[in-house]
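Here is the structure we will look at, set down as structure tokens.
The values are calculated or read from the model by the stated rules, or taken from the named source; none is laboratory data. Remember, it's a predicted structure, so these values are computed and weren't measured experimentally. Don't worry about glycine lacking a Cβ; one is built from the backbone with ideal geometry, like all the others, and counts go over all protein chains shown.
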Amino acid sequence: MARYTGPTTKKSRAFGESIFGYDKAFEKRKYKPGQHGNSKRRKQKSDYAVQLMEKQKAKYTYGVLERQFRNLFAKASRKKGVTGEVLFQLLEARLDNVVFRMGMAPTRRAARQLVSHKHVVVNGVVTNIPSATMRPGDIIGIRGKSQGLDIVRGAVKNKSDVRNFGWLEFNPDKMEGKFLEYPERADIPEKINEQLIVELYSK
């Protein structure tokens, strides 16, 4: 199961924000990586470079590789609605992202691992495919014998104040929640310009 396993702080510094979650090392050095990263002289980027940067930011934020991302864009372009918004709805509907948003894992990486190791059930069935697309009404939860895992209990306790997403419902006592609907783009907190991604793939 392919995924990005390289340095996370370096990537966050390249994008100028902590896209993998809180990072102490990033907070100390928020400038670009490399020997000229802290220089005030910056070369102006081309339109293509700016568009590519937004696409890369989206990929690394959601933990999606190039082929998966391209396939998601193709799927979004075939659906009714604004392509950029539909793309983000599909990204938000991924099982690993839903587990993260509900607060059952501290990061998307951790959520992906929980799913891959068969700790997550969807509608009562163990599901180990992080990219599985959730549909409105789906019930997502932690397997009974996995609810005692420290990483799960810690995440549920620490993220109780963050779990305010209108398209999700979560019961911390049962450690399960419901995917209510696909979110509106304005409700998704990621600071990514999806129009630049659409322009990039439309060339």
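A few points about this structure:
- Exactly one residue out of His117, His36 is over 20 Å from Ile188 (Cβ atoms) and either modelled with pLDDT of 95 or more or touching a strand residue (DSSP E or B) at 6+ places or on another chain (Cβ under 7 Å) (or both), and it is His117.
- Taking region 75-94 as the range and being under 10 Å from the mean Cα position of the chain (by Cα) and touching a residue at least 40 places away in the same chain (Cβ under 8 Å) as the test, the residues that pass are Phe88, Glu92, Ala93, Arg94.
- Within region 70-125, helices (runs of 4 or more DSSP H) holding 1 or more residues that are more than 17 Å from Glu181 (Cα to Cα): 83-92, 108-116
- For region 95-134, residues that are in contact with a Pro (Cβ under 7 Å, 6 or more places away or on another chain) and surrounded by 17 or more Cβ atoms within 10 Å (Cβ to Cβ) total 4.
- Screening Lys10 against (1) at pLDDT 90 or above; (2) surrounded by fewer than 17 Cβ atoms within 10 Å (Cβ to Cβ); (3) of a type outside the set (S, T, N, Q); (4) out of contact with any helix residue (DSSP H, G or I) (no Cβ under 8 Å at 6 or more places or on another chain) leaves a single unmet condition, (1).
- Tally, over region 135-190, of residues that are closer than 23 Å to Thr61 by Cα, surrounded by 15 or more Cβ atoms within 10 Å (Cβ to Cβ) and small (Gly, Ala, Ser): 3
- Test: residue in region 189-196 that is over 21 Å from Lys79 (Cβ atoms), under 15 Å from the mean Cα position of the chain (by Cα), in a loop (DSSP other than H, G, I, E, B) and not acidic (Asp, Glu): yes
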